[in-house]
Amino acid sequence: VEELCARAFENLRRHLLPGEMFPVLTEANFRIAVENSRRHLPGLATKLMDQIGNILKVRQEILRRGGPIAATKTMRPQTLSDLKQLGGAPGVNRLNNPWAEELVALLPPNFLETIPFAQLPHLPRYLKALLIRMERATLNPVKDQERVRQLAPYLETLRKFDATAPSPSEARQQLEVFRWMVEEYKVSLFAQELGTAFTISPKRLDEQRQRHLT
């Protein structure tokens, strides 16, 4: 729980404080930054707690439907504040849950470190899309595999550029943009009824990949 709280605090800190150094370190620039942070502060902690709760609830449902929690001596129910719910090796028996890698890729144990505050509200929708995909893949695995083939080139691009870890700030930002475009594309492929945050298509993905990631 302490680790979860520390990561939540760090997530809020990155959201509230300037991400880049001031062009000129002056009192005026400092006061502007302080006022901007104060304006966004009220209710922010409660909002983050609600978002984490929503995310973990859907995650638990994926684990319930996709496969058992790794065996323990006593299977006691966990609360939403339990860090063990955040996924990865401690919580998921990968042999019994074929969706474990998909889940951990979307929601790694350190998701509050890697996913910015502004993106957190979209995670329940992405997780629900995975739930719907799980159900439909059971009913029609051939169709699921057809959609997986459509998705595969963009996942490969993500893996490739994650491995090279682009160092320029602009390149990292464009990689993040592409990552969330891929998640929206998954929604459009596997759970179109949930809707997407913006218009997404293979053409737009190809343009983003060609313009910024090659």
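What the table below lists for this structure:
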| quantity | calculated |
| --- | --- |
| Segment 145-214, accessible surface, carbon-and-sulfur percent (1.4 angstrom probe) | 51 |
| Area of residue 164 that stays accessible when all protein chains are in place (1.4 Å probe, Å², to 10) | 90 |
| Rounded if a/c under 1.5, otherwise prolate or oblate - segment 103-210, Cα gyration tensor axes | prolate |
| Computed accessible area, residue 10, all protein chains, 1.4 angstrom probe, square angstrom | 60 |
| Largest-first ordering by accessible area, 1.4 Å probe, given options 13, 133 | 13, 133 |
| Pairs from 143/203; 47/160; 143/186 whose Cα-Cα separation, in the structure shown, is over 24 Å | 47/160 |
| Qualifying GluC sites (Glu not before Pro) for segment 163-204 [loop in DSSP, other Cβ within 10 Å: at most 12] | none |
| Percent RCO, i.e. relative contact order, over segment 163-214, from Cα pairs under 8 Å lying at least 6 residues apart | 39 |
| Accessible-area ranking of 30, 190, largest first, probe 1.4 Å | 30, 190 |
| Taking segment 103-214 and dividing mean pair separation by its residue count, relative contact order in percent (alpha carbons under 8 Å, at least six apart) | 29 |
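The values are calculated or read from the model by the stated rules, or taken from the named source; none is laboratory data. None of the values given here were measured: they were computed from a predicted structure. Virtual Cβ from ideal backbone geometry, glycine too; neighbours counted across all protein chains shown. Quick note on the areas: whole protein, heavy atoms, side chains included, nothing else; ligands and nucleic acids left out. Shrake-Rupley method; radii C 1.70, N 1.55, O 1.52, S 1.80 Å.
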